[in-house]
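Chemist: Dropping a structure here in structure tokens format, bear with me for questions.
The values are calculated or read from the model by the stated rules, or taken from the named source; none is laboratory data. Predicted, not measured: the structure shown is a model, and the values here were computed from it. Glycine also receives a Cβ, built like all others from the backbone with ideal geometry; neighbour counts cover every protein chain displayed. Each accessible area value is taken on the protein alone, full model and side chains, heavy atoms only, with ligands, DNA and RNA left out. Shrake-Rupley method; radii C 1.70, N 1.55, O 1.52, S 1.80 Å.
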Amino acid sequence: MKPKVFVTRPLPAEALDLLAAHCEVQVYPSDSALKPPQLAEACRDVEGLLAVGVRVNEEVLGQATKLRVVANCGVGYDNIDVAACTRRRIVVTNTPGVLTDTTADLAFALLMAVARRVVEADRFVREGRWQRWEFGMMWGADIHHKTLGIWGFGRIGQAMARRGRGFDMRILYHSRRRADEALERASGARFVDRDTLLRESDFLSLHAPMTPEGYHLIGGRELRLMKPSAFLINTARGKLIDEEALVAALKAKTIAGAGLDVFEHEPHLHPELAKLDNVVLLPHVGSATGETRLAMATLATENLLAVLQGRRPPNAVNAEVLNYSADTQSQVKRQRTKA
Ligand code: DGY
């Protein structure tokens, strides 16, 4: 009998076909987030959950007694209670790698858009407010030869550094773990402490994962350390920034502007943000290209199938569950052989 799998949103046919070849698949038909009570109901009887933009918490897991794998379609997995999954020996997987360049592209697009006032200028033209060419019109800030600060130097942070180098930027980074020398040399990025990063960056781009320590990484103190000419870019997670403090800094021009793809309470915006001209706001579309969404869906499917078929998934987040399973299995085998 094929194992039952629940998919929380419609995915590209290629990924669903692959899944359907091996599993009995049920797909939630709407591209909106199922709430935990409904998700719990849908997961009662399944062995695999392909989670796309949903919260998987105790409420869901408590009822999903047959669940063996939660395959998250996304690199960030702060939507999943990994500790609770681990306690229940449920494998959690994510989709790193396939969205690195796409997300870095968008971070750089935000950086350019806010520095050169692209969205504001587009609005100006569309609204018929452009009467004549003016020497003093819509001055923005240069990007080339400026300092790009990168907070979080994983795959996406490193991809951002590569883009910055293409613009002859000086690259600084801060990260929980310092990169090895070879990587620093190859990426042309220099490790600095947090405050130096804040003080010296003309553009500060966030690429840190959302962990409890990351909550409000950027607050009033950090914003005050930044240059009044600096721009803050966030394509990582909204809760890394204290949005109230950011709005105050943008209004007071303590910093020059911000490019945001993620928000503290998304999809709800801070009411003041949309009133400001020195921000560019996007609806969490960092990895939203056709190629990358397909790659994410395919990788999530491969992860899920691997676990259900007893293979090691390419991207386990809580690998200890796999080791436990392997140890337990061999223990059981040993005991059986002895008997
Ligand atoms: C990710 O992959 O983490 C994106 O933000 C989509 O959730």
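Chemist: Calculate how many DSSP beta bridges within the chain are antiparallel, expressed in % of all such bridges and rounded to the nearest 5. Let's see the in-between values first.
Modeler: Details: 2 of 41 bridges.
Antiparallel bridges: around 5 percent, rounded to the nearest 5.
Chemist: Give, in whole angstrom and from largest to smallest, the semi-axes √(5λ) of the equivalent ellipsoid of the chain, with λ running over the eigenvalues of the Cα gyration tensor.
Modeler: The equivalent ellipsoid of the chain has semi-axes of 42, 23, 18 Å.
Chemist: Hey, another quick one. What's the angle, to the nearest 10 degrees (0 to 90), between helix 290-308's Cα axis and the longest principal axis of the chain?
Modeler: Helix 290-308 and the main axis of the chain meet at about 30 degrees.
Chemist: How far is it, in nm, from the label point at Phe167 to the one at Arg199 when both lie 7 Å from their Cα along the line to the Cβ?
Modeler: For Phe167 paired with Arg199, the spin-label model returns 2.4 nm.
Chemist: A further question on this structure: Grab the Cα-Cα distance for Lys35 and Met1, subtract it from 0.36 nm times how many residues apart they are, and report the gain in nm with one decimal.
Modeler: 9.3 nm is the gain from fully extending Lys35 to Met1.
Chemist: With a ≥ b ≥ c the root eigenvalues of the C-alpha gyration tensor of the range 8-72, is it rounded (a/c under 1.5), prolate (a/b larger than b/c) or oblate?
Modeler: Since a/c reaches 1.5 but b/c is at least a/b, the shape of the range 8-72 is classed as oblate.
Chemist: How much accessible area per residue does the range 114-213 have, in Å², with a 1.4 Å probe? Don't skip to the end; give the middle numbers.
Modeler: Values: 6060 Å² over 100 residues.
Roughly 61 Å² per residue, with all protein chains present.
Chemist: Moving to a separate point now. Can you send over the carbon and sulfur percentage of the accessible area for the range 80-131, probe radius 1.4 Å, protein chains only?
Modeler: Within the range 80-131, the accessible surface is 52 percent carbon and sulfur.
Chemist: Tell me, what % of the accessible area of the range 201-269 is carbon and sulfur with a 1.4 angstrom probe?
Modeler: The C+S portion of the solvent-accessible surface of the range 201-269 is 58 percent.
Chemist: Among 71-82, 164-175, how do they line up by average Cβ neighbours within 10 Å per residue, starting with the highest?
Modeler: 71-82, 164-175
Chemist: Could you give the accessible area per residue of the range 47-108, probe 1.4 Å, as a whole number in Å²?
Modeler: Accessible area per residue: 35 Å².
Chemist: Let me ask something additional. How large is Rg over Rh for the range 197-309, taking Rg from the Cα atoms and Rh as the Kirkwood inverse mean of 1/r across Cα pairs?
Modeler: 1.08
Chemist: How large is Rg over Rh for the range 1-142, taking Rg from the Cα atoms and Rh as the Kirkwood inverse mean of 1/r across Cα pairs?
Modeler: Radius of gyration relative to Kirkwood radius: 1.22.
Chemist: Among Leu322, Phe153, Ser201, whose Cα lies farthest out toward the positive end of the dipole of the chain, if unit charges sit on the beta carbon of Lys, Arg (+1) and Asp, Glu (-1)?
Modeler: Value computed over the given set: Leu322.
Chemist: For Met137, what is the net charge nearby, where nearby means another residue's Cβ is under 12 Å from its Cβ and Lys, Arg count +1, Asp, Glu -1?
Modeler: In short, +1.
Chemist: How much length is gained on full extension from Arg126 to His265, taking 0.36 nm per residue of separation minus their Cα-Cα distance?
Modeler: So the chain would gain 47.0 nm between Arg126 and His265.
Chemist: Any idea what % of Cα-Cα pairs in the range 59-146 are farther than 23 Å?
Modeler: Roughly 55 percent, rounded to a whole number.
Chemist: Related question: Given the pairs Lys227/Lys251; Lys146/Lys275; Lys35/Lys275; Lys239/Lys275, which span a C-alpha to C-alpha distance of over 25 angstrom in this model?
Modeler: Listed pairs above 25 Å: Lys146/Lys275; Lys35/Lys275.
Chemist: OK, next. Per residue, how much accessible area does the range 258-312 show when a 1.4 Å probe rolls over the protein heavy atoms, in square angstrom?
Modeler: 47
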